[in-house]
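For reference, the structure discussed in these notes is given below.
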């Protein structure tokens, strides 16, 4: 019934000094950040596609996936901005199961947080070096932000974190796009209040420091579906849902109204193949309504080299060990389909 303090971990500055982001990649990140910001502020008509594995469990297979993605990016970059998912922290509803590479650099071995922080940073850097694509990650632990703040171009705040004060305040200090998901209850006002908080300046305690933040105007909403009291999934990507979100945005003083649709999770009932249909419906809704077209700036898709999922230790290279994902061929076709809509 107490804490056992194992060892003091290196600070973000210490990790960053030991594993620096190469100078030649800084310009790539700056340009990518600006491109994404232009989409969210309405200066660009490009569409965001945040796509990749449910959890980044293996550096080699993740980087192979992203290198393939980079080749597609060259063909669609006039219409789309592909942002690879490198999600290194995996939220678990009950606390059981694989929690991501930060916890377990080797999913089949015991947790090792020092090795995990290093593995997380090295994988993100390698991905940019090899592909030229800066990535997205989920900020499950606000205190970990600065381990990657010089690398990431997009950060997601999950459905179980969006109501947390420290998450909201930490996002207010970001200088990159941040997507706030609706909570598992589906209450859109919770998500919008989170966006409001993150868009404004705050003073608070962070990693032992008294800090001030300036607010993050690139904070936006992410619709991921919900679960009702009976445990049934409630999708919220339909035309009527997007209209409702538009109305709710209109009643709040928020900058750069924008939304990204998460095609998996409760929107698909974790039926990964349904992501294809869901994305196409969202793209159709954008065509039908100019205001929805202006609101919906992108989609999130869970995708890996091999479709489906497997248990830890399953041994299939490039297959998810958490939520099931679309396979590579279906993902490639879907990206080209999205570009055709644009």
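Just so it is clear, none of the values below were taken in a lab; they were calculated from the coordinates. On a predicted model such as this, the values are computed, not experimentally measured, just so you know. All Cβ positions, even for glycine, are placed from backbone atoms using ideal geometry, and neighbour counts span all protein chains on display.
Over the chain, with a Gaussian network built from C-alpha contacts below 10 Å, which listed residue (215, 313, 100) shows the highest mean-square fluctuation? Comparing 215, 313, 100 in the GNM, the peak value goes to 313.
Packing-based ranking of 53-59, 128-134 yields 53-59, 128-134, ordered from highest to lowest mean Cβ neighbour count within 10 Å. Of all DSSP beta bridges confined to segment 12-341, the antiparallel ones make up roughly 20%. Secondary structure note: in segment 192-339, about 45% of the DSSP beta bridges are antiparallel.
Considering only DSSP beta bridges where both residues belong to segment 125-217, give the percentage that are antiparallel (nearest 5). Please report the intermediate quantities before stating the final value.
Values: 5 of 12 bridges.
The answer is about 40 percent antiparallel.
The share of Cα pairs per 10 Å bin across segment 279-339, counted from zero up to the longest distance, runs 22, 37, 25, 13, 3 percent. The protection proxy used here, the mean number of other Cβ atoms lying within 10 Å of each residue, ranks peptides 170-179, 270-279, 136-145 as follows, highest first: 170-179, 136-145, 270-279. Secondary-structure-derived ellipticity at 222 nm for the chain, considering helices only, amounts to -12000 deg cm²/dmol, per-run term -39500 (n - 2.57) for DSSP H runs with n ≥ 4. Size descriptors for segment 99-164 (Cα atoms only): Rg and Dmax, in that order, 12.5, 36 Å. Rounded to whole Å, the principal axis extents of the Cα atoms in the chain read 55, 49, 46, largest first.
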